[in-house]
Amino acid sequence: MAKFCLWPTCLLTACLVTAWPIPALAAEPTKVELKGVHMCCPGCAKDAAAVVKKVDGVSEVSATQKDRTVKFTATDAKAAQKALDALAAAGFHAEPDTKAVAFKDDSGVKAGKVKSLTVTGFHNSCEGCVESFREAIKDIKGVTGDTAKEKDKTAVVSGDFDAEELVKALNKAGFHVKVKR
């Protein structure tokens, strides 16, 4: 039985791979539209857009106050998630139009009724932000007051109410909050 030497074939293959490497597959760009972002004024829209523009790998950023949206294109889902994390850190919250990214539930809220709850970190640059904050919590059963003031990113909400319901209402209104312990 004859034996065939495959050495020339192996050598040729090695040369081809070395000389003409196959390019790595590039990640698909991730387009994101966030709906329900807190934007009571043009300043809020400008602030939200500025936060996203600072994230590496993000381009084509727009923020529209009228429909409360932020739109952007990221190089990949990882960069898009960094943009959402940056928005959350700046106190903005919204619903993304893609499952590739999500706002993290990092509020620290615990289930159950409370007499008061200190929330912090929400976007609050003007009196309109305070009005939007109060509008978001006004229908929560048992809330009797708050200490929200313009430019103050911490407020105490008082009454006898469900803590999770309060955080969910603020998120729905476009505010990302954390519970201060």
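Each value in this text was obtained by applying a stated rule to the coordinates, not by laboratory testing. All values reported here derive from a predicted model rather than from experimental measurement. Positions of Cβ are generated from backbone atoms using ideal geometry, with glycine treated the same way; all protein chains shown enter the neighbour counts.
Approximating the spin labels as points 7 Å out from Cα along Cα→Cβ, the residue 33-to-residue 98 distance works out to 1.3 nm.
What is the dipole size for the chain, taken about its Cα centre, with +1 at each Lys and Arg Cβ and -1 at each Asp and Glu Cβ, in debye to the nearest 20?
Values: 27 positive and 23 negative charges, 68 e Å.
Roughly 320 debye, rounded to the nearest 20.
With a Förster radius of 35 Å applied to the C-beta separation of residue 106 and residue 127, the computed FRET efficiency comes to 0.80. Residue separation of residue 115 and residue 46 scaled by 0.36 nm, minus their Cα-Cα distance, works out to 21.3 nm of gained length. Computed from phi, the 3J(HN,Hα) profile of the range 72-84 under the Karplus parametrisation 6.51, -1.76, 1.60 (θ = phi - 60°) reads 7, 10, 10, 4, 6, 5, 5, 5, 5, 5, 4, 5, 5 Hz, with x in place of Gly and Pro. Residues whose amide H lies under 5 Å from that of residue 125, counting only those 5 or more places away or on a different chain, are 151; hydrogens are built 1.01 Å from N in the peptide plane. Treating each Cα of the chain as an identical point scatterer and ignoring solvent, apply the Debye formula and state log10 I(q)/I(0) at q = 0.10 Å⁻¹. Debye intensities relative to I(0), on a log10 scale: -0.47.
Peptide packing: for 165-174, 73-82, the average count of neighbouring Cβ atoms within 10 Å per residue gives the ranking 165-174, 73-82, highest mean first.
Derived scalar couplings between HN and Hα for the range 164-172 equal 5, 4, 5, 4, 4, 5, 5, 4, 4 Hz in order, rounded to whole Hz, by the Karplus curve 6.51 cos²θ - 1.76 cosθ + 1.60 (θ = phi - 60°), x for Gly and Pro. Taking amide H as placed 1.01 Å from N in the peptide plane, residue 30 has its amide H under 5 Å from the amide H of 74, 75, 76, each at least 5 places away in sequence or on another chain.
The GluC sites (Glu not before Pro) of the range 106-163 meeting both criteria, a DSSP state outside H, G, I, E and B (loop) and at most 15 other C-beta atoms within 10 angstrom of the site's C-beta, are 150.
Pairs of Cα atoms nearer than 8 Å and 6+ residues apart set the relative contact order; for the chain it is 22 percent. Amide hydrogen proximity for residue 180: with H placed 1.01 Å from N in the peptide plane, the residues at 5 or more positions away or on another chain lying under 5 Å are 118, 119, 120.
Taken along its principal axes, the alpha carbon cloud of the range 30-96 reaches lengths of 30, 19, 18 Å, longest axis first.
Here 69, 147 are placed in order of increasing Cβ neighbour count within 10 Å, fewest first, which gives 147, 69. Each residue of the range 105-117 is assigned a 3J(HN,Hα), and the resulting list reads 7, 10, 5, x, 6, 10, 4, x, 7, 9, 8, 7, 8 Hz, derived from the Karplus form 6.51 cos²θ - 1.76 cosθ + 1.60 (θ = phi - 60°), x at Gly and Pro. Residues 157, 119, ranked from the fewest to the most other C-beta atoms within 10 Å, line up as 157, 119. Hey, if you put +1 on the Cβ of every Lys and Arg and -1 on every Asp and Glu Cβ in the chain, which of 59, 163, 144 ends up farthest toward the positive end of that dipole? The listed residue farthest towards the positive side: 163.
Within straight-line reach of residue 71, meaning a Cα separation under 24 Å, sit the following lysines at least 8 residues removed in sequence or on another chain: 31, 35, 46, 53, 54, 82, 99, 104, 168, 172.
May I ask for log10 I(q)/I(0) of the range 113-179 at q = 0.21, 0.26, 0.28 Å⁻¹, from a Debye sum over the Cα atoms as equal point scatterers with solvent left out? Those come out to -0.75, -1.19, -1.40, one per q.
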